[in-house]
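Below is one structure, written out as structure tokens; comments come after it.
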Amino acid sequence: MSRTIALLGSTGSIGTMTLDVVSAHPDQFRVAGLAAGRNTELLLEQIERYRPRLVSVATDEGARMVRERFGSQVEVVIGPQGLVDVATMPEVDIVLTAVVGAAGLLPTLKALEAGKDIALANKETLVAAGHLVTALAKEKGCKILPVDSEHSAIFQCLHTERPVDVEKIIVTASGGSFRDKTREEMAVATVNGALNHPNWSMGAKITVDSATLMNKGLEVIEAHWLFDMPYDRIEVVVHPESIIHSLVEFVDGSVLAQLGEPDMRMPIQYALTYPTRLPGPYRRLNLVEASRLNFRAPDLVRFPCLGYCFDAGRTGGSMPTVLNAANEIANGLFLQEQIGFLDIERVIATVMDRHSVLSHPSLDEVLEADAWARQEALAVAKQS
């Protein structure tokens, strides 16, 4: 088995770990295309090592730097269309999409239209337009393989099971950087505090989402679309050790779980090699060292964003699109220290309250709702 990969978001945390997996199995993978944002220096190193045919960058300056270094050895494309160009390369077997936010939606749809399997690390794609993405994947006969550790765990537990035998899925949450903080402590929380995740090494946006439990809520919506599971059969449990990555309960009372060290390279590798497995040079789980595994229910009073996600998912239509867009704006403003940590939830709740839901939005309507929510979130954030 040898697979040709296009990697969207190559310089982010998931992107760099994906290339670690490629490096561990050089005979199994070829990187045909890379798409990055503004970290051009790291991208240049990646081009030097993996020799892709096509590279997408965010800016003209980034394109100039790539061309100066590699000349005609590498074709360079720019901006959102560049993402699409990389995602639809004819020779590519599987597209791993690890870009941040709703920017992953269009290249994912175009990749599916081109018949590509998707290794999905961009949950916002399914949150914003899950009905469109899953319908297109089914029409084209393409696989959507989950990269998030939680969804990979569920996918592995369901692999040989009949859907009718599933009682519910249980998504585990680390609890994030502020899992033991009071509301008063979170009211004065700093960006550095939010980014100090106890278990995982992730990008800034997802780490803040983890601190608000928004990330877990987005994963609930993603799980709904990936596994065709009603929201009343999706449960979230806080598991501080991040050893059990998620569980599935069956109608007979049996519960299957997938366990492992908190290392994203394992679910990345499984998505890229499915349905086979390859040896992984990663730290192995030692249950004796782990000693204890703890669980508790999420606190929706301290972390209301998780509840907003369940509400948005049950409402359906354009509401998850609006939830996601408002969160992207609020999260970014917090990272820029323009609003406080608890203002994130205020912005999201207010924008959701103001939205008139479209029940079955087209792609154009999804994009319009996304744009509206972003503008509305900026306006709400300015209000005291």
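What the table below lists for this structure:
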{"read-out": "Candidates 339, 154, 118, ranked by Gaussian network fluctuation over the chain, Cα under 10 Å, top entry", "value": "339"}
{"read-out": "Residue-averaged 222 nm ellipticity for the chain, from DSSP H runs of 4+ at -39500 (n - 2.57), nearest 500", "value": "-14500 deg cm²/dmol"}
{"read-out": "Total formal charge among the other residues, if their Cβ is under 11 angstrom from that of residue 143, Lys/Arg +1 and Asp/Glu -1", "value": "+1"}
{"read-out": "Phi to ³J(HN,Hα) by Karplus 6.51 cos²θ - 1.76 cosθ + 1.60 over the range 45-57, Hz, x for Gly, Pro", "value": "5, 5, 4, 4, 7, 9, 6, x, 7, 10, 9, 10, 10"}
{"read-out": "Sequence-distant residues sharing a close amide H with residue 167 (under 5 Å, placed H)", "value": "249, 250, 251"}
{"read-out": "Residue-normalised accessible area of the range 6-45, expressed per residue, 1.4 Å probe, Å²", "value": "35 Å²"}
{"read-out": "Between the range 207-259 and the range 98-125, the alpha-carbon center distance in angstrom", "value": "21 Å"}
{"read-out": "The range 343-377: GluC sites (Glu not before Pro) falling in loop per DSSP and having at most 14 other Cβ within 10 Å", "value": "none"}
{"read-out": "Value of D in µm² per second that Stokes-Einstein yields for the chain, Kirkwood Rh from Cα pairs, at 25 °C (0.890 mPa s)", "value": "116 µm²/s"}
{"read-out": "Under 5 Å, built H, 5+ apart or other chain: amide partners of residue 94", "value": "4, 6"}
{"read-out": "J(HN,Hα) series, the range 339-346, from Karplus relation 6.51 cos²θ - 1.76 cosθ + 1.60, nearest Hz, glycine and proline x", "value": "9, x, 4, 6, 5, 4, 5, 4"}
{"read-out": "Residue-by-residue Karplus 3J(HN,Hα) for the range 5-14, coefficients 6.51, -1.76, 1.60, Hz, glycine and proline x", "value": "10, 10, 10, 9, x, 5, 9, x, 5, 5"}
{"read-out": "Residue-normalised accessible area of the range 180-248, given per residue in Å² at a 1.4 Å probe", "value": "37 Å²"}
{"read-out": "Carbon/sulfur fraction of accessible area - the chain, other protein chains in place, 1.4 Å, %", "value": "50 percent"}
{"read-out": "Long-range amide H partners of residue 145 with built H, under 5 Å", "value": "118, 119, 120"}
{"read-out": "Cα gyration tensor shape for the range 222-287, rounded if a/c is under 1.5, else prolate or oblate", "value": "prolate"}
{"read-out": "Global geometry of the range 293-354, whether rounded, prolate or oblate, following the gyration tensor of its Cα atoms and the 1.5 cut on a/c", "value": "oblate"}
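The values are calculated or read from the model by the stated rules, or taken from the named source; none is laboratory data. Everything numeric here is computed off the predicted structure, so don't read it as measured data. Cβ atoms come from the backbone with ideal geometry, glycine included; neighbour counts cover every protein chain shown. Please note that ligands, DNA and RNA were not included when accessible areas were found on the heavy atoms of the full protein model with its side chains. Shrake-Rupley method; radii C 1.70, N 1.55, O 1.52, S 1.80 Å.
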